[in-house]
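Some notes on the structure that comes next.
The values are calculated or read from the model by the stated rules, or taken from the named source; none is laboratory data. The structure displayed is predicted, hence computed values, not measured ones. Backbone-built Cβ (ideal geometry, glycine too); neighbour counts: all protein chains shown.
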Amino acid sequence: MNNTELNPPSAHLTEPFRVALIIIYTAVLLVGITGLSVMISLLKTNIRSLTTIAFLNLMVAHFLFLLTVPFRIYYYVSQTWKLGHGFCKLVSAMVHIHIYMVFTIYSILLTVRFLHFYKKTQRTEFYRRLHGLGASALVWFILLIIMLPVVLKQYGHGQGQGEGNQCFKFGEEINKDYVYALNMFLSIFIITVSCLQTCIQVIILRSMILKYGPACRSQQEFWVQIKNLSFVLIMLTCLVPYHLFRLQYMNYTKELHQINEVFLAITGLTCFDMLTFTGKNIYKVCWTR
């Protein structure tokens, strides 16, 4: 028996951060499961609709992420990881995959709706239902069959063997030049696109309010834009803060590791988006788009 087995290294999170992470991920899991259960009804709607296809892909992204959340809670409660280094990398990578999939789906949906508002495109549906499903299947095939194995092979490769009972501690990977550059680009890109889409959304809402005044609330397009605003607000509150902080974290990975975990957990609150699609009026807007 070696020294690591006799005296395993302690968990790398102090009590306040560990408790905060347990609370955040528990809320994400409970609300996420509830939202998924409610959104199952979308399977009965017109699957040629771009909005419905986007929601279905959001459901898949949230579902895959939520499958890994109980293992995060288990680790933060027990303060030890006994499920293997490979599975640790998978659980750790999934939260980042979830971030980029959610951001991509939001951005595509918002861009198409903005173009539709400005009459740059007239179609918000696929020609055939199989086209939408096929496009979604192709994206997930590329992600899960091609990209995920590559990510797992490279991700966390440098973790020390003496930290076998710890998980989610891959900050040293950022010290590699190409990893640092990639993370810097992704963070700046997400922040820039989110801010740009926020500005466009504000301009659209302002133009509608100036055009219709108090009567804008009777306009169906106004409520579609309010729904778009919910996407924008989710990005601003859940995704942008993490990537703003990450710009600083990448230069001080050891000192800021614990708070980085909290910011990363906050990105999981994007699962709350499914609750915004409940209600008769919201479904009516979705069906007509």
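Scanning region 68-122 for residues that are charged (D, E, K, R), surrounded by fewer than 14 Cβ atoms within 10 Å (Cβ to Cβ) and in contact (Cβ under 8 Å) with a residue 24 or more places away in the chain yields one hit, Lys82. Here Leu244 meets each of (1) surrounded by fewer than 18 Cβ atoms within 10 Å (Cβ to Cβ); (2) without any contact (Cβ under 8 Å) to a residue 24 or more places away in the chain; (3) more than 27 Å from Ser37 (Cα to Cα) with one exception, condition (2). With respect to the conditions (1) modelled with pLDDT of 85 or more; (2) not in a helix (DSSP H, G or I), Lys254 falls short on a single one, namely (1). Given the criterion at pLDDT 85 or above and part of a helix (DSSP H, G or I), identify the matching residue among Ile53, Ile99. Unique residue meeting the criteria: Ile99. Being modelled with pLDDT of 80 or more, over 30 Å from Lys254 (Cβ atoms) and of a type outside the set (Asp, Glu) is the requirement here; does Arg206 meet it? It is true that Arg206 is modelled with pLDDT of 80 or more, over 30 Å from Lys254 (Cβ atoms) and of a type outside the set (Asp, Glu). Filtered by the rule that a residue be of a type in the set (Lys, Arg), over 19 Å from Thr104 (Cα atoms) and within 31 Å of the chain's Cα centre (by Cα), region 208-235 gives a lone residue, Arg217. The residue that is modelled with the lowest pLDDT, among those in region 1-21 that are surrounded by 17 or more Cβ atoms within 10 Å (Cβ to Cβ) and of a type outside the set (Lys, Arg), is Ala11.
Of all the criteria given as (1) closer than 28 Å to Leu13 by Cα; (2) surrounded by 14 or more Cβ atoms within 10 Å (Cβ to Cβ); (3) out of contact with any Gly (no Cβ under 7 Å at 6 or more places or on another chain), the one not satisfied by Glu173 is (3). Residue by residue through region 58-111, note down the ones that are aromatic (Phe, Trp, Tyr) and under 14 Å from Thr270 (Cα atoms). Scanning region 58-111 gives Phe63, Phe65, Tyr100, Phe103, Tyr106.
Remark: pairs (first residue in region 31-44, more than 18 Å from Leu269 (Cβ to Cβ) and part of a helix (DSSP H, G or I); second residue at pLDDT below 85 and not β-branched (Val, Ile, Thr); Cβ separation under 6 Å; 6+ apart in sequence or on different chains) = Leu42/Phe55.
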